[in-house]
């Protein structure tokens with residue numbers, strides 16, 4: 001049977017550059033790889049999103065200004081205010097504590113889905129592993145939003 005999916009060039013490049021290192025470290029830790037791709041395509045796409053968001057944050061950090069905010073800073077501040085307003089409306093006055101969790105997951109899902117529209121890339125959210133990791137990673141911690149035990153307050 002013929003292959004229904006074509007190999008992504010960026011996945012092949014990342015596996016050529018980082019694959020041997022990941023393979024050696026994984027073998028040393030007792031993990032045995034099967035197949036020719038050590039780093040799966042969805043992990044490469046997640047890495048691209050992390051690099052993009054990091055570059056955007058570094059770019060924004062250099063241009064933040066209280067006196068003369070730029071257009072991108074105003075856009076991001078309005079987005080944060082909109083999400084805070086939704087959290088106040090849906091959750092109540094304690095909704096602000098969920099802002100980091102909701103905004104991070106929302107931005108990741110948005111960028112992941114938009115990435116699937118770019119030719120030569122794929123959406124990392126097309127893999128169930130990404131959804132499972134998001135659920136397992138964020139559900140227990142609640143982004144540090146757990147209530148303290150009775151009689152104790154947060155520092």
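Points to keep in mind about this one:
A quick yes/no check of all residues on (1) assigned by TED's automatic domain parsing to the domain that holds residue 109; (2) at pLDDT below 90:
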residue: 28; (1), (2): no, no
residue: 48; (1), (2): yes, no
residue: 54; (1), (2): yes, no
residue: 57; (1), (2): yes, yes
residue: 64; (1), (2): yes, yes
residue: 80; (1), (2): yes, no
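- Residue within region 111-118 that is surrounded by 11 or more Cβ atoms within 10 Å (Cβ to Cβ), modelled with pLDDT under 90, touching a helix residue (DSSP H, G or I) at 6+ places or on another chain (Cβ under 9 Å) and part of a helix (DSSP H, G or I) present: no
- Residue in region 36-48 that is part of a helix (DSSP H, G or I) and either touching a strand residue (DSSP E or B) at 6+ places or on another chain (Cβ under 8 Å) or surrounded by fewer than 13 Cβ atoms within 10 Å (Cβ to Cβ) (or both) present: no
- Count of residues meeting criterion [in contact (Cβ under 8 Å) with a residue 24 or more places away in the chain, surrounded by 15 or more Cβ atoms within 10 Å (Cβ to Cβ) and farther than 19 Å from residue 129 by Cβ] in region 1-35: 0
- Failed item in (1) more than 17 Å from the chain's Cα centre (by Cα); (2) closer than 30 Å to residue 12 by Cβ; (3) at pLDDT below 90, with residue 130 passing the rest: (1)
The values are calculated or read from the model by the stated rules, or taken from the named source; none is laboratory data. Just so you know, these numbers come straight off a predicted model, no measurement behind them. Cβ sites come from the backbone with ideal geometry, for glycine too, and all protein chains shown count toward neighbours.
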